[in-house]
1. Could you tell me which of 35, 21, 145 has its Cα farthest along the dipole of the chain towards the positive end, charges placed at Cβ (Lys, Arg +1; Asp, Glu -1), taken about the Cα centre?
2. Less than 12 Å apart at the alpha-carbon level, and either on another chain or at least 8 residues along: which aspartates and glutamates does that give for residue 341?
3. Extension gain residue 116-residue 22, at 0.36 nm per residue separation less the Cα-Cα distance, in nm?
4. So which aspartates and glutamates pass the test for residue 220, namely a Cα distance under 15 Å, with those fewer than 8 places away in the same chain ruled out?
5. Can you compute the modelled spin-label distance between residue 155 and residue 355, with each label point 7 Å from Cα toward Cβ, in nm?
6. Could you give me D for the range 100-170, from Stokes-Einstein at 37 °C and 0.692 mPa s, where the hydrodynamic radius is the Kirkwood radius over C-alpha pairs? Units µm² s⁻¹, please.
7. Please grab the % of Cα pairs in the range 255-357 that end up more than 17 Å from each other.
8. With no solvent and one equal point scatterer per Cα, compute the Debye intensity ratio I(q)/I(0) for the range 34-110 at 0.12, 0.19, 0.27 Å⁻¹ and report its log10, rounded to two decimals.
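The values are calculated or read from the model by the stated rules, or taken from the named source; none is laboratory data. Keep in mind the model is a prediction, meaning the values are calculated, not measured. Note: ideal-geometry Cβ built from the backbone for every residue, glycine included; neighbour counts use all protein chains shown. Ligands, DNA and RNA are excluded from the accessible area calculation, which covers all protein heavy atoms including side chains. Shrake-Rupley method; radii C 1.70, N 1.55, O 1.52, S 1.80 Å.
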Amino acid sequence: MLEILNQFLLSGRAISCEPYGNGHINRTYLVITDAGRRYILQRINDAIFRDVEGLMRNIALVTDYLRAHGQTGRNALSLVPTKDGARYLHSLDGGFYRVYEFIEDSVCLERAENEEDFRQSGVAFGEFQRQLAEFPAHTLTETIPHFHDTRDRYRLFREALAADAFQRAQEVQPEIAFVLSREAMAGSMLSMLESGALPLRVTHNDTKLNNVMLDAATRKPLCVIDLDTVMPGLAGNDFGDSIRFGASTAPEDEQDLSRVEMSLSLYRAYADGFLSACGNSLQPAELETLPLGAMLMTLECGVRFLTDYLQGDTYFRIHRAKHNLDRCRTQFHLVADMERKQDAMLNIVMELARNAS
């Protein structure tokens, strides 16, 4: 690793490089130099992100834009170039590497410890939307094609169902019926985008709390990290994925569904932070689709878990038999709860949007 690090423009010479964090996609290391500076080194997972050039171009465009519009220091990720001026290194071992400046005096939480933590993650992703509201989203590369294309997710589900390679379809008939009964709704936001009713936005596409750096002293958001999935998309998708993950009262793989619901209190906390930070950057139609986005992102995730279960658990890592089936059932339980609460969710959004304007 030290040989790789020597090819980047670091302050000082790297003297240590140790595994860092809990990421599951890229390999991440904390680097310390003899000048006392710290950096983050990552080996990019090019099995998942096959267009590394497009991915790094996206990150460079977005971070350069943020800095050009006033986000400096700890408020925006900063790529460290190679000695040749490149944004990343394609090394002789075949790996793709990048280096970021370390964000000092910060903390990253795996889960919210209270509603205020969740609210602050809403502030972070709301600011991300506002800061990039004028960025030409169409110029970004799709780092994972069809990532939030719910119609394509249904296509893949139907293919897995027809193949039934592991003879599991018979045991999941209620789940299959749940998915198929909501197929028309699943593509509704894409239809709105195609008709021009919704604008194309820069979206993060992995809006979990652990992708927000908080100030260690104040617990206020500094910046959004993990920009690998930054792509063109819909604001409702980013909002919705946060709610799917953060407003649930139980873990993603909870087996006791009686413990699973979408907390309106947590929903309000996040929406308050998100909308207060967005200001007037979202259009009325986008505001109206935020509750729908929460439901659709949860449905999409459940469909992905069920598809993987039918295919023999080849994509999501499992730790027990029927793990993906438990995950899909939790998501579908949340969807059903959100369906019952759509009016309340919309009322909260519209109330908070009025207060933010």
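1. It is 35.
2. Output for residue 341: 261.
3. Working: separation 94, 0.36 × 94 = 33.84 nm, distance 2.29 nm.
Extra length available between residue 116 and residue 22 comes to 31.5 nm.
4. Partners within reach: 104, 105, 113, 115, 116, 117, 127, 272.
5. So the two model labels end up 4.3 nm from each other.
6. Numbers: Rh = 16.9 Å.
Calculated translational D: 194 µm²/s.
7. Values: 3016 of 5253 pairs.
I get 57 percent for the Cα pairs in the range 255-357 exceeding 17 Å.
8. Calculated log10 I(q)/I(0) at the listed q: -0.39, -0.95, -1.36.
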